[in-house]
Amino acid sequence: LETALAAGHHRTWWLAWKGSSWCASRANKVIMRMRTDRPEMCLRRLYMPEQALVFRYVARNARSAWLLAIDVDETLRGRWREYLSALEARTRVPGGVRVAQVQLVGDGQCLAPRKGAFKNEKKALVRRTAVHPDARAFASIHEPTLAKGAFYLDAPTNVLALAHARYFNWTGRVRQPPTIPR
């Protein structure tokens, strides 16, 4: 962590594309500055800049093709190797895939079909070579800023999902200790 923080000069302000939700004034009234040396981007302050600094450090130094920042109580579920291989075979390979983060209430729930409007928080599985080349560019650990021309796809929830164990064993309003699913 200290190596990543030092490499990023303990940066707290980050660049994001103006067209993204991260630059919308309604979302970032207090934490956004529109003036930067890159007119197509806005400058925003991150709540937890350490995540961005570590992600940028890993993106520079890792050998893997895809990166995903998850918490210790989350697991990537589904046939993700096959899914990523299929994406790599496309004519236009996406720079990132937004993966639904499903709050578990049972072991096998994360890949179950959804009915109605089920709102999922998402985290991004990002192709390392699609990360924005400017060391100051980063929108969020949930959706890092990609290079110009790179784009995100949404992964089908029944194919790929993040199982979030924090709410496993949820009973009404009383939260029981978290249980990591089998």
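Tabulated data
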| read-out | value |
| --- | --- |
| Filter result for R127 (at pLDDT below 90 and not β-branched (V, I, T)) | no |
| Sole residue being among the basic types (K, R), free of Cβ contacts under 8 Å to residues at least 12 places away in the same chain, under 26 Å from G19 (Cβ atoms) and in a loop (DSSP other than H, G, I, E, B), chosen from R63, R38, R90 | R90 |
| Scan of segment 33-69 for residues that are among the hydroxyl-bearing types (S, T, Y) and surrounded by 12 or more Cβ atoms within 10 Å (Cβ to Cβ), ordered by number | T36, Y57 |
| Subset of segment 152-182 that is within 30 Å of M41 (Cα to Cα) and open to solvent by 50 Å² or more (accessible area, probe 1.4 Å) - its residue that is modelled with the lowest pLDDT | P156 |
| Of residues in segment 70-101 being modelled with pLDDT under 90 and within 14 Å of the chain's Cα centre (by Cα), the one surrounded by the most Cβ atoms within 10 Å (Cβ to Cβ) | A100 |
| Flag for P144 being surrounded by 14 or more Cβ atoms within 10 Å (Cβ to Cβ), at pLDDT 85 or above and in a loop (DSSP other than H, G, I, E, B) | yes |
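The values are calculated or read from the model by the stated rules, or taken from the named source; none is laboratory data. Remember, predicted model here, so these are calculated numbers, not experimental data. Using ideal geometry, Cβ is built from the backbone for each residue, glycine included, and neighbour counts are taken over all protein chains shown. Just so you know, the surface numbers come from the protein's heavy atoms only, side chains and all, with ligands and any DNA or RNA stripped out. Shrake-Rupley method; radii C 1.70, N 1.55, O 1.52, S 1.80 Å.
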